[in-house]
Amino acid sequence: MDADQLKTFLEVSRTRHFGRAAKNLFLSQSAISSRIKALEDQLGTPLFVRNRNDIQLTPAGNRLLSHAENILAAWNRARHDVVIEDNKISSLAIAGTPSLWDISLQDWLHKLHHSHPDIVLHGEILQTDDILRRLLEGTLDLGFTFEPPQMPRIEIEQISTVPLVMVSSHENLTPQQALSQGYVMVDWGFSFAITHARHFPALQTPAVHLPLGRVAQEYLLRHGGSAYLAEPTIAGALTAGVLFKVQDAPVIERPAYALFSSEAQPSTIVRAALNLFT
């Protein structure tokens, strides 16, 4: 078994299509088939059910998914460590939820590169559960999320507070008007949902629920309506006069957190990276 086989397996499992996997990996479709066949031969079991235009994971394939991700993460970390030992530079493996990459982490990443240009950096977009698993496995240095877990072996530090503001494609609306005219519910996490319900207890279930602020913003720009969006991401739209703040709507603040394993003291580079949020 080698890393290329596992990468190919993960790409096929993601796309559920040998041709698309080949295109994404810049390989021929026959090379993709050959790698998957070699991996299946080594494991002694089929990993995919191959029906025409319907490729599905077998039970064995489903069981292999998390192992393949862990093996590749450990391999990438090992490669980084070898580079560090040879070149006396630092590495940092990070992961954040999609919303935080959109709002905070990209600017932080630029600051990190400016202050530590020689760092070996590996960044990923993961959901909170996957971030926690990878921190506990030791394949991540830092994770970033809106929802702080209360669990052993995980340290939590608040890095910022993100103001969520109600905006609309229409000007001079009251909150009640905004809620009744194409309101879009954005998934900003469990805490946001509780606070939102407390502010607007009579709100009927919105017709549109979307998973990310940037997706909701694009939806408002194309179709109109209102939603809670992160203030740092809407400055351009407000200046251009294509979105407008809803007057007297409450601002809902969402703390963002950095997570790291408590089993080892934060390294110098981890602490330096966290300090860039202050």
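General remarks:
- Across the chain, the mean sequence separation of Cα contacts (distance under 8 Å, 6 or more residues apart), normalised by length, yields a relative contact order of 20 percent.
- Think of it as helices only: each DSSP H run of n ≥ 4 in the chain is worth -39500 (n - 2.57), and spread over all residues that comes to -14000 deg cm²/dmol at 222 nm.
- GNM top mover of W188, W101, W75 - the chain, alpha-carbon springs below 10 Å: W75
- Debye-sum result for the chain in log10 I(q)/I(0), which assumes one identical scatterer on each alpha carbon, at q = 0.08, 0.12, 0.13 Å⁻¹: -0.46, -0.93, -1.03
- Bridges between two residues of the chain, per DSSP, are antiparallel at a rate of about 65%.
- Average Cα contact separation per residue, the stretch 145-278, under 8 Å, 6 or more apart, as relative contact order %: 48
- Percent of Cα-Cα distances greater than 23 Å, calculated over the stretch 123-278: 45
- Under 11 Å, Cβ to Cβ, from R16 - net charge with Lys/Arg +1 and Asp/Glu -1: +1
- Where the alpha-carbon atoms of the stretch 1-49 are placed on the principal axes, they occupy 27, 21, 16 Å, in descending order.
- Other residues with beta-carbon under 10 Å from the beta-carbon of V167 carry, at +1 per Lys or Arg and -1 per Asp or Glu, a net charge of 0.
- If you run the Gaussian network model on the chain, springs between alpha carbon atoms under 10 Å, then out of A256, A73, A193 the most flexible one is A193.
- Accessible surface of the chain, 1.4 Å probe, proportion on carbon and sulfur as whole %: 51
- Against the chain, whose longest principal axis is taken from its Cα atoms, helix 190-199 shows a tilt of about 10°.
- The stretch 110-224 - percent relative contact order, Cα under 8 Å, separation 6 or more: 22
- Along the chain, longest interval not containing exposed GluC sites (Glu not before Pro), exposed being DSSP loop plus at most 12 other Cβ atoms within 10 Å: 1-170
- Share antiparallel - DSSP beta bridges, the stretch 146-278, percent rounded to 5: 75
- Of all the options L140, L92, L221, the one that moves most in a Gaussian network model of the chain with Cα springs shorter than 10 angstrom is L221.
- Solvent-accessible heavy-atom area per residue, rounded to whole Å², over the stretch 129-278 at 1.4 Å: 51
- Karplus-derived HN-Hα couplings along the stretch 54-65 (A = 6.51, B = -1.76, C = 1.60, θ = phi - 60°), whole Hz, x at Gly and Pro: 8, 9, 10, 6, 6, x, 5, x, 4, 5, 6, 3
The values are calculated or read from the model by the stated rules, or taken from the named source; none is laboratory data. All values reported here derive from a predicted model rather than from experimental measurement. Cβ: placed from backbone, ideal geometry, glycine included. Neighbour counts: every protein chain shown. Remember, those area values only see protein heavy atoms, side chains included, never the ligands or the DNA or RNA. Shrake-Rupley method; radii C 1.70, N 1.55, O 1.52, S 1.80 Å.
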